[in-house]
Amino acid sequence: MEKLLVATYDQDLLQFEMFCYCINKNWKGNRFLTIVLNSSADWDITRWRVNDIVDRYLCGWHAEIVDGRHLDHDGYKEQAVNKIIFSIDDRFNDTIVFDSKDFLLRGSDLFDFKKDGKYRVTFTLDRPHLDLYPEAKDLLDKDISHIPAVLNLTPWIWNIDQLKKYWNYMSGRFGDFSDWDSMFKGGTESDTYYVYTFCDELTSIKFLDPRDNPLMIGGGWTHQTYEGMLQESQDFDRWTERKIWKHSRKLEDPRCLDVTRSVLLKYGIEQEIIDRVFGRQGTPGESS
């Protein structure tokens, strides 16, 4: 059985509210969600706001809010590490990891992430992994030049037993994460798990063939342009495999928020909710 996990903090609460509304509307699998609340300017107030969102949108779910603050707080590393340590949960077999900016707009369940015992990676690129993450050369004492690259974009799934094995390996090789002098050793959290598992001769974990693993995300992340958002919207309509629309609060062009509003409305999100979270059409959006 699977659980879902999402990490958030005070700057992402608008996205988190829309995430909760959409996951409640369209997730057809096990309704268990771990919410990792990372460091915030005022953690107690943010905790109260998160609890209010959960009460409003996740009726019928088992939603647990866990404290993700670390003494050695570094925002990027904290979130990356928390996605790992709070995914390790012996109550479940698998964890599916989301970001607050992931809005599920078509029905989805575990089958989108795991088929015939094989696991999805976010997307496999027709290029060597070392081209994308040259720091991966430090991960293993073996040749990894043949491994295809994957993108570190949520959502992703990992097997919990394999995740434990991987994380023990990372700690043994690089030491406790609080002592790391970089954001994440060997790359990022999802791609290091992927490379480690790909090369693990003792595991039974297999990944889906890229041809059976179509891209399921669209929308806008940090450096997306307005023209790119318009194209993403068209592609989202065209490809039914696209189920998650992303909207980063770091998008620079305010018109990107108008595209997101129109996509949300088209896929059944109530106008009242869109206005509540992102403001009314034509007004400045807090999350853009």
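Read-outs: derived from the displayed coordinates by stated rules, not from any lab. What you see is a predicted model, and the numbers here were worked out from it, not measured in a lab. Positions of Cβ are backbone-derived with ideal geometry, glycine not excepted, and every protein chain shown enters the neighbour counts.
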Determine the gain in length on full extension of the stretch residue 76-residue 28; use 0.36 nm per residue of separation and subtract their C-alpha separation, reporting nm with one decimal.
14.2 nm
Using only Cα atoms, find the angle between the long axis of helix 43-57 and the longest principal axis of the chain, and express it within 0 to 90 degrees, rounded to the nearest 10.
70 degrees
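Stretch residue 135-residue 237 to full length: gain in nm at 0.36 nm per residue minus the Cα-Cα span?
Length gained between residue 135 and residue 237: 33.1 nm.
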The chain: most fluctuating residue of 175, 75, 187 per GNM, C-alpha cutoff 10 Å
175
CD proxy, 222 nm, the chain: helix-only mean residue ellipticity via -39,500 (n - 2.57) per DSSP H run with n ≥ 4, per residue, nearest 500, stands at -11000 deg cm²/dmol
Where does each of 5-18, 263-276 land if you order them by average Cβ count within 10 Å, highest first?
5-18, 263-276
Taking the 0 to 90 degree range and rounding to the nearest ten, how far is the long axis of helix 13-26 tilted relative to the main principal axis of the chain, both from C-alpha atoms?
90 degrees
Residues of region 179-206 with backbone nitrogen within less than 17 Å of a virtual label 7 Å along the Cα-to-Cβ line of residue 161, please, listed as ranges.
197-198, 200-206
Name the lysines eligible as straight-distance cross-link partners of residue 77: C-alpha to C-alpha under 17 Å, and not fewer than 8 places from it in the same chain.
185
Size-normalised alpha-carbon gyration radius of the chain, reference 2.2 N^0.38 Å
0.98
I want to verify a result. In a Gaussian network model of the chain, Cα cutoff 10 Å, which of these has the top mean-square fluctuation: 179, 102, 94?
179
Rounded tilt (10° steps) of 75-85 against the dominant C-alpha axis of the chain:
70 degrees
Rounded if a/c is under 1.5, else prolate if a/b beats b/c, else oblate: with a ≥ b ≥ c from the C-alpha gyration tensor eigenvalues square-rooted, which is region 215-288?
oblate
Considering only C-alpha atoms, what is the centroid distance from region 1-49 to region 209-244, in Å?
22 Å
Give me the extension gain from residue 207 to residue 55: residue separation times 0.36 nm, minus the current Cα-Cα distance, reported in nm with one decimal.
51.1 nm
Whole angstrom only: what separates the Cα centroid of region 101-127 from the Cα centroid of region 137-182?
20 Å
Low-density loop positions, chymotrypsin sites (Phe, Trp or Tyr not before Pro), region 160-198 - DSSP coil, at most 16 other Cβ in 10 Å:
180
